[in-house]
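Just so you know, all these numbers are worked out from the coordinates, no wet-lab data involved. From a predicted model like this one, the values you see are computed outputs, not experimental measurements. Here the Cβ positions follow ideal geometry from the backbone for every residue, glycine too, while neighbour counts run over all protein chains shown.
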Amino acid sequence: MNFALDREQLQLAASVHELLADADVPAAIRSWSACEPARGLDVLRRLAKVGVAGLAVPERFAGPGAGPVELAAVFEQLGRHAVPGPVVESFAAVPALLADTPGAERWLPGMAAGDLLATVALPPHVPYALDADVAVPFLVDGDTVHTAVAGAVRSSVDKARRLFDVAAAERVGPGAVDRAFELGVLCCAAQLVGLGVGLLEQASTYVRQRTQFGRPVGGFQAVKHHLASVHVALEFARPLVHGAAVTMAPRDVSAARVAAADAAYRAARSALQVHGAVGFTLEYDLGLSLTKVRALRSAWGTQSWHRERVLGAIDPGLSERPRR
């Protein structure tokens, strides 16, 4: 099976990267972390203008009805730039969740146009609604979807992630819960690959500029080996994400998520090692991606849960297959 992106998908990813490279995303992240979301919302509106916000919205609701492969390509770029906001929820999971529910036309056309953000709590693996103060929150109870009311806010290691308790309000109806969950996990995995790529790029740039003993740090063999190992891990994780986007089988989605999170974590550790103490400083952009990697490793299911799900799919006798 060929897991490589075709030309149109590569062009889509490149256009998103170019837009975000020109959007001063680090400033938007810092403002979002300070509960001033205007800059971040502007970035999300710019993404909406090129169709990113509505990719998962079906054509009957004014969206392009793109598939998981296109979403994976885009979310890698969103991760590469550490874009803040409920992007997995609003751009992927909620459109899938609501597509066949009664009254979906109340929300999906606005989401496709970029006029509306949505977020969701999908217990047990997504117990809180991300950024429910700037997005319409939904709550899943079993197979039933409700609109929700935001309650207390909880802290995250990533200051740009505000997690809210939510309580059920209006009953919407039965939703495509399993599809929404798998799509959320897939897009989280793609984000993690992108975060790893972004961290590797920052680390590679830094070691070419920083000198020690009269030569660039990047010329030392130990540093080269560290960064080469990161590159290999990311190159192994990406095809798993693309393959999972093709099949959308739970086992494949979980395997992709495990590999992507491990690769991103390796990238974060190596990037911090080559930067040294400056990597910890609030003023340095590296930290914006470091904390997001840490947060996303436990978002949409923990690493241990996804490993157990893969093991259970390979041989049910080795593990009690976990349920969503």
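Size descriptors for the chain: radius of gyration and Dmax over Cα atoms are 19.3, 67 Å.
Exposure proxy for 314, 29: other Cβ atoms within 10 Å of each Cβ, ordered fewest to most, give 314, 29. The rule of thumb for compact globular proteins, 2.2 N^0.38 Å, goes into the C-alpha radius of gyration of the range 179-314 1.13 times.
Between residue 49 and residue 7, the FRET efficiency estimated from the beta carbon spacing at R0 = 22 angstrom works out to 0.45. Within the range 192-241, the ratio Rg/Rh, alpha carbon atoms throughout and Rh by Kirkwood, equals 1.07. With loop defined by DSSP as not H, G, I, E or B, and exposure as at most 10 other Cβ atoms within 10 Å, which is the longest segment of the chain clear of exposed GluC sites (Glu not before Pro)? Result for the longest clean stretch: 1-282. When the Cα centres of the range 1-43 and the range 165-208 are compared, how far apart do they sit, in Å? Each part's Cα centre sits 13 Å from the other's.
Maximal additional length on extending the residue 273-residue 304 stretch stands at 8.6 nm, based on 0.36 nm per residue less the C-alpha distance.
Ordered by the number of other Cβ atoms lying within 10 Å of each residue's own Cβ, fewest first, 225, 231, 306, 146 fall into the sequence 225, 231, 146, 306.
Shown for the chain are the DSSP H helices of 24 Å or more along their axis, judged by Cα atoms, with a mean Kyte-Doolittle hydropathy of at least -1.0: 177-209, 221-247, 250-275. Extending 7 Å from Cα along the Cβ direction at residue 222 and again at residue 210 yields two label points whose distance is 1.3 nm.
Taking all Cα pairs closer than 8 Å and separated by 6 or more residues, the relative contact order of the chain comes to 16 percent. The Rg/Rh ratio for the range 46-138, using Cα coordinates for both the radius of gyration and the Kirkwood hydrodynamic radius, is 0.94. Exposure proxy shown here: for 128, 206, the number of other Cβ atoms within 10 Å sets the order, fewest to most, as 206, 128.
Between residue 231 and residue 171, the FRET efficiency from the beta-carbon distance, with R0 = 45 Å, is close to 0.40.
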